[in-house]
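Input: a single structure, listed below in structure tokens.
The values are calculated or read from the model by the stated rules, or taken from the named source; none is laboratory data. This is a predicted model, so every value here is computed, not measured. Here the Cβ positions follow ideal geometry from the backbone for every residue, glycine too, while neighbour counts run over all protein chains shown. In case anyone asks, the SASA skips ligands and DNA or RNA and just uses the protein heavy atoms, side chains included. Shrake-Rupley method; radii C 1.70, N 1.55, O 1.52, S 1.80 Å.
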Amino acid sequence: MRPCGLKPLRYPRVWLALWRVAVLSVIVVCLMPPPPLALPAGSDKIEHFLAYFVLAGSAVQLYRHGRPLQLAALGLVVMGGLVEVLQGALTATRMADPADALANTVGVIAGVSLAWTPAANLLLHLRG
């Protein structure tokens, strides 16, 4: 029996667990002290976009169109904003940045947009 709202995947609980680990990993990495790298100004926006694009694109693989996918996307947008707030409130090495929250949201929108492309069911093709 597969969890409610998921596509008919071969191992739905395993895929869902992996996605949740990825979500948790993004949260943890965003709240850890940043690595001492000299990166160009604003390049972290690309990192934010890519992280949330991958999470949302993965949600497209897991969740059915409609309400399940909408709730996953909304959850990622809320998570992206909340992580920014927590960075400002809980860490001394990071700061809340509205531009990061915007990059997160744009990444979610881009990732969810995959739902209307042939790439939307790549994971289903592994079903065999």
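Worth pointing out:
- In the context of the full set of protein chains, the chain has a per residue accessible area of 61 Å² (1.4 Å probe).
- Isotropic mean projected area of the C-alpha convex hull, the range 1-117 (nm²): 7.8
- Of all accessible heavy-atom area on the range 3-46, the percent that carbon and sulfur account for (1.4 Å): 77
- Accessible-area composition of the range 53-105, carbon plus sulfur, in percent [1.4 Å probe]: 72
- Using the rule -39500 (n - 2.57) for each DSSP H run of four or more residues, divided by the residues of the chain, the 222 nm mean residue ellipticity is -21000 deg cm²/dmol.
- Compared with the direct C-alpha span, the chain from Gln70 to Thr91 gains 4.5 nm at full extension, assuming 0.36 nm per residue.
- Each of Gln87, Ile46, Leu16 was placed along the dipole of the range 1-125 (beta-carbon charges, centred on the mean Cα), and the one lying farthest toward the positive end is Leu16.
- This model, with +1 at the C-beta of Lys and Arg and -1 at the C-beta of Asp and Glu, gives the chain a dipole about its Cα centre of some 820 debye.
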